[in-house]
Each structure stands twice: as C-alpha cells, then as structure tokens.
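The values are calculated or read from the model by the stated rules, or taken from the named source; none is laboratory data. Bear in mind the structure is a predicted one, so any value in this text is a computation, not a measurement. As a convention, Cβ positions derive from the backbone with ideal geometry for all residues, glycine included, and neighbour counts pool all protein chains shown.
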Amino acid sequence: MSWNSWLPLLLILSSLIPGLIIFALAEERVRLRITLNLLGALVNVGLVGLMLWGVYNGVHYEMRLPLLPGIELVLRAGSLSLFFVTLSAVLWLITTVYAIGYLEDSPNRSRFFGFFSLCVTATVGVALSGNLITFLLFYELLTLATYPLIVHRGTEAARRAGRTYLAYTIFGGALLLLGTVWLYSLTGTLEFTSQGFLDALGGEHRLSLTIIFVLLIAGFGVKAALVPFHGWLPQAMVAPAPVTALLHAVAVVKAGAFGIVRVVYDVFGVEFSADLGVLEPLAWLAAITIIYGSMRALFQDNLKRRLAFSTISQVSYIALGVAIAGPIATIGGVVHLVHQGLMKITLFFCAGNLAETLGIHKVSEMNGVGRRMPWTMAAFTVGAFGMIGAPPIAGFVTKWYLGIGAMDAGQDWVILVLAGSSLLNAAYFLPILHRAWFREPVGDWPEERNFGRKETAWMLLLPPLLTAVMALTVGLLALLPVSPLGWAKLIAEREFYQP
Amino acid sequence: METVVTEFSWGIALILLPLAGGMICFLWPRRTQILGLVTVFAVALSVGGLAWQMLDKGVYRHAVGGWGAPLGIDLYADGLSLLMLATTALVGFAISVYSAAYFKQEDAIRFWPLWLFLLAALNALFLSGDIFNVYVTFELMGLAAVSLVALAGGRDALGGAMRYLLAALLGSLAYLLGVALLYHGFGTVDIALLSERVEPSPVVWAALGLMGAGLLLKTAVFPLHFWLPPAHASAPAPVSALLSALVVKASFYILLRLWLEVFEPLISSEGVYTLLGLIGAMAVLWGSIQALRQTRLKLLIAYSTVAQIGYLFLAFPLAVAVGSTAWSAVAYLAISHALAKAAMFLAAGNLVRFGGHDRIADLDRVVQRLPLTAAAFALAGVSIMGLPPSGGFIGKWLMLEVALTQGRWDLVVVMLLGGLLAAAYVFKVLGYAFTQAEVAHEPKTVPASMEWAALLLALAAVLMGFLAVPVLSLVDIGDPFGLSEVRP
C-alpha cells in the first residue's frame with residue numbers, strides 16, 4: 001500500500017487521536033489540552049492542503065479495508081470529498097480557538113473537547129467515505145459524538161434538546177440503514193460512482209428504488225433539517241455557542257446535506273434520478289423548507305433560535321441546487337456547502353460573543369450594541385448581508401448560480417422561491433442590524449463582563465472576524481480557480497457531468 | 001515446539017484444566033484467587049492452541065480413551081465450536097480479572113470453584129459431539145450457575161436462584177426425555193451418526209418437541225423467559241455477566257446444532273420455522289419494551305438480554321433459503337452480545353459498588369464519578385443498539401440483508417424497532433451522565449481493574465465491527481452450517 005492510500009486514514013486519525021488523549025486528561029491540564037487541540041487541527045489543515053494539491057493534479061487517494069464479506073470500508077479523497085473536508089478542517093481550527101476562549105473556567109472541558117474532536121473525526125469520515133456503508137458508519141458516529149456536546153451544559157433544557165435530537169437522528173439512522181441494506185440486496189455494491197451505479201438495474205426495480213431514494217433522503221434529511229424533519233435543530237441551540245456554530249456550519253447539518261448530494265449524484269446519478277421522477281418532489285421539499293424556515297425565523301426573538309431557523313432555510317439551498325439537476329444549479333448547490341458554512345459560523349460566533357460578553361440572548365436586547373461591540377457587529381453584518389444575498393458576499397454567488405441554473409434547467413419557479421427567500425432573509429436580518437447600529441442602547445446590558453479597552457476576549461473576537469473576511473473574500477474572488485466556486489466547477493466537471 | 005501445538009489434544013485440556021482447578025481451589029482456599037486466575041489464563045491459552053491446530057488441520061475430533069463413537073465419547077470442534085470456546089475464554093478471562101477484585105475472601109472461596117466448574121461445563125458442552133454428553137454438561141452447568149446466583153444471599157437472590165433452579169431442571173429433564181427417545185429409536189447418541197440415521201417418524205417429532213421445549217426454556221426465549229430477569233438481576237455482577245453472556249448462549253448453541261444437523265433436514269412444513277421466528281420477534285419487542293420500563297439498572301440489562309436472544313431466533317425462518325448468511329449473522333450476534341452484555345453487567349456492578357444502589361433515576365452522581373465505567377456502558381450500548389462500528393451492527397446488517405433479500409418485511413420491521421427501542425433504553429441510562437448533579441468528593445472505591453475489565457470488553461464488542469471477515473472465515477472451518485453455497 002502506497003503512501004497515498006494512507007493519507008485519508010491519517011486525516012481521520014489526526015483528529016481522532018488527540019480526541020482520545022484529551023478524554024484521558026485531567027481537567028486542570030489546560031495547556032496540554034490546548035496544545036493537543038491546536039496540534040490536531042493544524043495537522044489536519046496541513047494534510048488537507050497536501051491532498052488538495054494532489055487531487056488538483058490528479059492524484060488518487062484511496063484506502064480500503066475489509067469490513068464484511070464482499071463489502072469494504074472505503075476512504076477516498078476525490079474533489080467533492082476534499083471540498084467538504086477543507087471546510088471542516090479550516091472551520092474546526094477556527095472553532096477550536098473560539099471554543100478555548102469560550103469555555104474558559106467552565107467544568108468538564110476534557111469531556112467537551114474530546115467529543116468535539118470525535119465530532120470532527122466523524123465529519124471528516126463522512127466526507128471521505130467512498131461507499132454508502134462507510135458513510136453510514138461515520139454518519140452514526142456523528143450522531144453519537146454530537147449528543148454529549150448538545151447536552152453538555154446538563155440543564156433540563158439541554159437534556160430535553162438532547163433527547164429530541166436523538167429521537168430524530170436515531171430514527172433517521174434506522175431509515176438510512178434500511179435503505180442502505182435494501183440497496184445492497186438489490187445491487188450487491190454500494191460504491192459511490194460518478195453518475196451513479198443504478199442505471200444497469202433495469203426497469204423492474206423502479207418502485208423499490210423510488211422507495212429507497214425516499215428512505216435515504218429522509219435519513220439524510222433529518223440531519224439536514226429538511227421539513228418535516230427539522231424539529232430538533234431549533235431546540236439544539238441550547239448547546240454552547242462553539243457547538244451550535246460547528247453544528248450549523250459544518251458537522252451535523254452539512255453531513256446531511258452532503259449525504260443528499262452523494263445520493264443524487266453518486267448513488268442514483270442525476271439522469272437516473274430525473275428519470276425516476278424523484279428530483280422534482282425533492283426540489284419542492286427543499287423550496288418549502290427554504291420558505292418555511294425563513295417564515296419561522298421572522299418571529300423568533302431569541303437570537304440563536306432565529307439563526308437556527310435561518311439555517312433550516314439556508315441549508316436547503318444545497319438540496320435545491322442538487323434537485324434542479326442542471327450543471328449550473330449543481331455548482332450553486334455544492335458551493336453553498338462552503339458559503340453557508342462561512343456565513344453561518346460567523347453569525348453564531350457573533351451571537352456567542354454577545355451572550356458571553358453582554359449577556360444578550362434576544363434580538364430585542366440588541367439596541368445600540370454596534371457601538372459597544374463594533375468589530376463583532378461588523379462581522380455579523382457581513383454574515384447577515386451574505387445570507388440576504390447582497391453582492392459581493394458569498395451568499396450572492398450561490399443565489400446567482402442557483403437562479404441561472406434553474407433558468408437553464410427550465411425551472412423558472414425557483415427564481416420566485418429565491419426572491420421570496422431573499423426578501424424574508426432581509427426581513428429578519430435587517431431589523432437586527434438596524435437595532436444594533438441605529439438605535440440607542442436602553443440602559444445597562446443584561447450581564448456585562450469587562451475586558452478592559454477591548455470589546456471582548458481576543459480568542460472570541462478573532463474567529464468571527466476571520467470567517468467574515470473569508471465569506472467576503474470567497475465572494476469577491478469567486479472567479480479564481482482556487483476559490484470554492486472554482487473548485488465546485490471542478491467537481492461538477494470531474495465527478496457529476498463527465499462526458 | 002510446533003508439533004506439540006498441532007498434535008496436542010487441546011480439547012481435553014479445555015475440560016480437565018478448569019475441573020482440576022476448581023477442585024484444587026476447594027482444597028486450598030487461601031490461594032483460591034490466584035489459582036483461579038491461573039486456571040482461566042491456561043484455558044485461554046489452550047483455546048489459542050486449539051485455534052492454531054484447527055487453522056492448520058481443520059476440524060478437531062478426539063475419541064476419548066481411544067474408543068470412538070458409537071461406543072465411546074467423541075469430542076468434536078468445528079469453526080462454530082471454536083468461536084464459542086474463544087468467546088467463553090475471552091469473556092471468562094475478563095470476568096475473572098474483575099472478580100478477583102470484586103469478591104472478598106469469604107465469597108471468593110465459594111465463587112472460584114463454582115465458576116471453574118461452570119467453565120468446565122461450558123467448554124465440555126461446546127466440544128460435545130453427542131447429545132447425552134450435552135445433558136451431563138447441562139446438569140453441571142445448571143447446578144454451578146444456580147449456586148453462583150445464590151452467592152449474593154438475601155431474599156431476592158435466593159428467590160431468583162430457586163426459580164432458575166426449577167427452570168433449569170425442568171429444561172434438562174425435557175431434554176433428557178428427548179435424548180432417551182432418540183436413543184431408543186436410532187440406537188445412538190452421537191450427533192453425526194444421528195444425522196445419518198434419523199428419518200421422519202413420531203419418535204423424532206416427540207423428541208424434537210421435548211428437546212426443543214427444554215432448550216427454549218433454558219435459553220429463556222419469550223414466553224419462557226420468566227426466570228431470567230430475577231436470576232440475572234439479583235446475582236453478583238460478575239455472575240450476571242457470566243449468565244447473560246455465556247450460559248444462555250450455551251443452550252442456544254445446542255439448539256442450533258441439533259437443528260442444523262438432525263432436525264432441519266426432516267422438517268418440510270413451515271409451521272416450525274414460523275413459530276420460532278414469531279417467538280423471536282415477540283422476544284425482541286417484549287424484552288425491549290420491558291427493559292425500557294424498568295427503574296433498576298440490572299433489571300433493565302437483564303430484559304435487554306431477553307430481547308437480544310430474540311434476534312437469534314429471527315434467523316430460523318430466514319435460514320430456509322439463505323442459510324449461510326443467516327447463521328453467520330446469528331453467530332456474530334451471539335458473540336457480540338456476549339461481549340457487550342458482559343461489559344454492561346460489569347459496568348453496572350461498578351455503579352452499584354460505588355453508589356450502593358441501582359436505581360436508574362439516582363444514578364447521575366455515580367455515573368459522573370466513574371467515566372471509564374460510563375464509557376464502557378456507552379460502547380457496549382452501541383453494540384446492543386446495533387449502531388456502527390460494532391459487532392452488533394455487523395450481525396444486524398447480515399440479518400437485515402437476508403430478510404430483505406427474501407422480502408420478509410415483518411422481520412425487517414421487528415429488527416429496526418428493536419434497534420430503536422434499544423437506543424431508547426441505553427440512552428435512558430446514559431442521559432444521566434450529563435446532568436448538573438452535585439459532584440461529591442467521597443474517595444473512589446472501585447478498583448481500576450474492575451473499570452478496565454468492563455471497558456476492555458466493551459471495546460472488544462466495538463472492535464468486532466472491524467473483524468467480520470477473519471472471524472467469519474474462522475467459523476467456516478468444518479462448514480458448521482452444512483451448506484455448500486458460497487457466500488457472496
């Protein structure tokens with residue numbers, strides 16, 4: 001086995017091993033824990049950089065281990081896998097810094113960072129999976145690793161959120177398992193293949209395949225928070241801010257969305273799915289989720305809840321782009337994996353900063369906060385405008401490609417959905433910005449902590465600034481080949497629409 | 001050296017070592033702990049020797065005293081026996097390490113001889129090639145196991161032990177009657193010879209009914225499970241682990257053997273398969289729901305055993321068409337459950353030792369003081385729920401695959417529901433690891449070896465999720481499932 005086949009495994013171990021060591025560390029070994037965390041995250045980013053370079057130049061990274069008679073555990077780094085891996089590696093590094101700052105002096109940090117690392121391990125595993133059973137394995141691991149993070153605070157609300165989360169995700173996992181085994185019993189293979197591996201199956205299985213499609217999409221839809229499987233997500237916002245940030249931007253929600261991408265492109269294949277007639281319902285479901293999430297977000301006073309409903313809406317752009325089934329819309333959907341991640345993590349970091357520094361949890365408490373915390377609110381503003389789809393921020397690029405792609409595929413109704421969603425986004429983000437920048441503060445902040453001349457601790461401030469700049473940059477420089485958009489085009493060319 | 005390994009009759013050692021060890025423990029009570037540990041370790045090594053030998057030469061057969069069947073007694077081991085022996089050795093060794101720290105001296109002098117006799121009975125049972133021998137091992141096993149349950153003392157334990165004793169004796173008696181009928185009808189008790197001689201006749205049906213009923217009772221499958229929860233829940237933790245992990249599997253193993261070699265070829269009507277599948281499904285659902293309803297941890301784990309045994313019976317209707325995969329699934333589920341359930345009971349033992357009770361609702365403070373134990377329970381739970389990566393997942397995957405290939409949607413639904421319910425009762429316990437309980441600072445009274453024994457067993461259950469290919473190829477030695485079809 002060559003060096004190249006070990007790299008995907010090393011990538012997984014680079015977060016798994018620090019995580020396992022951290023579990024064993026005593027609570028007070030702060031410095032060692034931070035070192036391990038950052039070391040793991042940096043090694044992770046380094047390895048990803050190496051593999052990005054390799055994949056760009058056509059190197060093949062693949063690791064196969066026997067799992068069952070006839071079924072292998074496959075870790076493969078193709079262009080799509082690396083797209084998601086890069087997102088998680090970079091955002092993990094940034095979130096780790098944020099979490100270290102955020103959780104200073106709180107109990108059970110070893111447990112927290114241990115599961116935090118496991119969560120990233122599972123996400124990277126999901127990204128690198130080369131067949132459906134490997135995907136399933138890491139997907140379930142993700143469920144288990146996230147639960148302790150959601151209930152971390154141990155309050156009654158947190159435990160209730162944890163139970164809801166488990167009820168949804170374990171049920172989704174069962175549907176996924178059923179779909180996967182059923183598919184295997186029909187085809188005898190589960191290997192992700194560009195354009196899917198089901199064409200050859202012939203006509204008599206169409207009904208079974210349609211049901212399998214529904215099962216798989218429902219299984220992934222639970223984590224991707226597609227309506228009606230979204231109920232757990234707004235509750236899960238009771239978790240500590242770094243967890244919600246990672247949950248909404250990278251780990252759980254994105255794993256579900258990524259699963260939908262995999263099912264449509266690499267299991268069923270776009271043409272076969274379109275032929276089955278399952279893409280149109282998926283597109284409608286995504287559209288409904290987009291509008292529904294935004295509508296609900298309008299009426300939330302709790303900032304994190306408003307952001308959570310916004311996630312429900314935004315993540316479905318990915319499913320929508322996939323379901324429109326044209327090359328341009330696909331690029332729009334896939335690139336949103338990264339774009340939404342950057343913007344949403346910025347927003348959650350900022351919400352965490354407001355809560356941690358001033359004790360602000362509600363939108364109605366945010367009057368004049370822009371003057372007290374200008375940098376945080378500047379980052380928030382970038383994220384919010386990005387979500388609305390204002391150029392030149394990342395969100396605009398997504399919406400542009402989705403819109404053009406929909407026209408290209410002859411599905412003009414999508415434009416209406418996009419326009420409606422943008423209006424709603426504006427309707428629930430602009431009032432926040434207006435309060436923060438243009439209203440006078442009403443008396444004291446709910447629970448202010450003093451950081452001297454700085455607005456907040458630098459470990460809390462740096463991450464959102466960084467991700468906000470990134471959200472801006474990937475939008476500005478979208479036409480460079482190294483931008484996420486450029487890479488998404490590469491994916492579409494190489495994996496989805498090969499001649 | 002190598003010829004010693006490949007020539008020595010390891011099967012004899014597997015039976016005689018623990019028997020002798022048990023007797024020496026009686027004679028030399030002050031050294032019982034160390035004697036017991038050494039014996040169990042030697043047994044584990046012998047299983048290693050047997051495995052080596054079988055990898056080299058295939059099926060193991062030994063005519064005791066030089067007299068072959070039908071006159072003498074044959075010891076026989078194929079891949080399935082080896083798998084059970086290895087599981088027994090591994091689980092037994094971990095439980096022994098745990099027990100060395102668990103029992104105080106006055107209990108230890110009673111525990112070790114009984115446990116070693118139980119080990120001898122288990123090994124002899126897995127090596128038996130004839131049905132009368134099996135009866136003898138059943139009696140030894142039953143008596144040792146019942147005494148071990150009674151070891152805890154107190155009203156619950158004695159009551160549980162009494163019920164267990166009656167169930168075990170009744171089961172053995174029914175089995176023995178079946179043996180007598182078969183012997184009368186066909187003049188042999190050797191399984192291999194029987195499988196050649198039996199033909200459909202009223203005697204065979206009566207024998208099947210009696211032996212089947214006896215074995216089902218001993219295996220505690222629904223609705224004959226009534227004796228299991230009180231016995232398993234009231235016994236000392238290492239004993240509960242032994243019973244749930246190994247002893248119920250032993251009677252299931254015999255049922256499977258007889259079914260495969262003697263009865264299955266004769267049965268043409270679907271009624272029997274359907275019945276076995278039905279009680280399996282009922283066991284899965286009933287056991288899981290009961291587990292979910294329990295307020296005491298050890299009862300919860302015991303009912304989970306009732307549910308998990310049910311899965312093994314789901315394979316009977318499925319195996320008609322695709323035998324090898326269905327039986328592989330059963331073998332895999334059985335050993336994964338053995339590892340995971342032993343880990344769970346040992347973890348429960350740690351919690352009881354630390355907190356002095358097993359009321360689930362008050363466990364939070366205890367769980368949070370014992371992170372290794374909590375981890376052991378969680379990892380074992382992953383396998384019990386059938387989530388990947390774990391042995392439980394592999395077994396469930398294979399079983400689901402067979403069920404779907406045959407379009408048995410009823411069984412698919414049962415398996416998935418069982419998994420969901422298992423998740424519900426595992427997380428019912430695990431949820432308490434994450435409350436805001438006051439962390440007390442009383443000194444830690446659970447020895448490290450007890451925590452690690454539980455954790456390592458749970459890790460083994462998870463590791464089984466990656467070992468399916470080598471383990472299943474080991475099971476194929478001697479083609480125990482009697483099917484020449486090639487696995488896909």
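Annotations for the structure displayed:
- Among the candidates A:ALA323, A:ALA257, residue that is small (Gly, Ala, Ser), assigned to a helix (DSSP H, G or I) and in the same structural domain as A:PHE396 (by TED's automatic domain parsing): A:ALA323
- Filter pass, B:VAL320 being at pLDDT 90 or above and either of a type outside the set (Ser, Thr, Tyr) or surrounded by fewer than 22 Cβ atoms within 10 Å (Cβ to Cβ) (or both): no
- Qualifying residue in segment A:164-181 (condition: within 11 Å of chain B (Cβ to nearest Cβ), more than 27 Å from A:ASN131 (Cα to Cα) and either without any contact (Cβ under 8 Å) to a residue 24 or more places away in the chain or touching a helix residue (DSSP H, G or I) at 6+ places or on another chain (Cβ under 9 Å) (or both)): no
- Summed over segment B:404-436, residues that are within 24 Å of the chain's Cα centre (by Cα), among the small types (Gly, Ala, Ser) and either over 30 Å from B:ARG296 (Cα atoms) or within 7 Å of chain A (Cβ to nearest Cβ) (or both) total 2.
- Per the listing A:ALA427, A:ALA390, A:ALA406, the residue uniquely small (Gly, Ala, Ser) and in a loop (DSSP other than H, G, I, E, B) is A:ALA390.
- Leading residue by the ranking (surrounded by the most Cβ atoms within 10 Å (Cβ to Cβ)) among those in segment A:1-25 that are under 18 Å from A:LEU82 (Cα atoms) and small (Gly, Ala, Ser): A:SER15
- Total residues in segment B:101-145, condition within 22 Å of B:LEU173 (Cβ to Cβ) and among the charged types (D, E, K, R): 2
- Check on B:LEU243, farther than 17 Å from B:VAL330 by Cβ and either modelled with pLDDT of 90 or more or part of a helix (DSSP H, G or I) (or both): yes
- Hits in segment B:166-218 - residues which are closer than 30 Å to B:PRO230 by Cα and of a type in the set (D, E, K, R): B:LYS218
- Boolean, B:VAL189 is within 24 Å of the chain's Cα centre (by Cα) and either crowded, with 22+ Cβ neighbours inside 10 Å or not charged (D, E, K, R) (or both): no
- Set side by side, the residues B:ALA108, B:ALA20, B:ALA77 differ, and just one is among the hydrophobic types (A, V, I, L, M, F, W, C) and under 25 Å from B:MET344 (Cα atoms), which is B:ALA108.
- Selected residue [of a type in the set (A, V, I, L, M, F, W, C), under 30 Å from B:VAL402 (Cα atoms) and modelled with pLDDT of 90 or more] from A:VAL264, A:VAL252: A:VAL264
- Yes/no for A:GLY40 being part of a helix (DSSP H, G or I), under 22 Å from A:ALA492 (Cα atoms) and out of contact with any strand residue (DSSP E or B) (no Cβ under 6 Å at 6 or more places or on another chain): no
- Considering A:VAL85, A:VAL74, the condition of being under 30 Å from A:GLU495 (Cα atoms), of a type in the set (Val, Ile, Thr) and away from every other protein chain (no Cβ under 14 Å) is satisfied by A:VAL85 alone.
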